[in-house]
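Input: a single structure, listed below in structure tokens.
Values quoted throughout were computed directly from the atomic coordinates according to the rules given, and no laboratory measurement underlies them. Quick caveat: nothing in here was measured; it's all calculated off a predicted structure. With ideal geometry, Cβ positions are generated from the backbone for all residues, glycine too; neighbour counts draw on all protein chains shown.
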Amino acid sequence: MFDKILLAVDGSDHALHATRKAAELARAVKPEELRIVVAYDPIPLYLGEPNLQIAITNRKGEAEAILAAAIKEVGKVPCEIHTEIIEGDNASAIIEVATTRGSDLIVMGSRGLGRLAGLLIGSTSQKVVAHAPCPVLIVR
Ligand SMILES: Nc1ncnc2c1ncn2[C@@H]1O[C@H](COP(=O)(O)OP(=O)(O)OP(=O)(O)O)[C@@H](O)[C@H]1O
Ligand SMILES: [Mg+2]
């Protein structure tokens, strides 16, 4: 049923909580793969070189650190773990990966790094729920 699970993480505590749930789920349902995705905002081309390259390297470095923390949190799971770092609008990037990889389930936090404390659910989660090609598990 859930052969291909996509986990979206942004380095927030909420995403780490979602990571623990995704790992528990993977241990229970034994999927084919757990794909962990980090998106970063597009970098404006007008930065010009060498700033553009520096910005890209920094974003990728941050994304890699976020992925490493998520993989550590996942621990042992009975499936392959894949990772993807994508530039683009966060929600669009998550939806695109879910579509192209044929994900059966997207797991994500209800909130992320955003600072608007009153929000029940962040804008990335809202957009993904509205446009995802598969079921979405919002962890809170
Ligand atoms: N850049 C990202 N890459 C991958 N997943 C993300 C990214 N940003 C958010 N997510 C996922 O979406 C969840 C909810 O984050 P969201 O961005 O919706 O909330 P927020 O940051 O509190 O609000 P907002 O971004 O609207 O200010 C996170 O816990 C994470 O699972
Ligand atoms: Mg956010």
**Q.** Reach of Lys60 by Cα under 14 Å, taken over aspartates and glutamates that are not fewer than 8 positions away in the same chain
**A.** Asp10, Asp41, Glu84, Glu87
Q) What angle do you read, to the nearest 10 degrees and between 0 and 90, between the alpha-carbon axis of helix 90-101 and the longest principal axis of the chain? A) 50
Q) Expressed in nm², what is the orientationally averaged projection area of the convex hull enclosing the Cα positions of the range 7-48? A) 4.0
Q: Excluding residues on the same chain fewer than 8 positions from Lys4, give the lysines whose Cα lies under 19 Å from its Cα.
A: Lys21, Lys30, Lys76
Q: Take peptides 95-103, 51-59 and line them up by average Cβ neighbours within 10 Å, highest first, as a rough protection proxy.
A: 95-103, 51-59
Q.
Let me check the size of the chain from its C-alpha atoms; what are the radius of gyration and Dmax in Å?
A. 14.9, 48
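Pairs of alpha-carbon atoms within less than 8 angstrom and 6+ residues apart define the contacts here; what relative contact order does the chain have, in percent?
Value for the chain: 35 percent.
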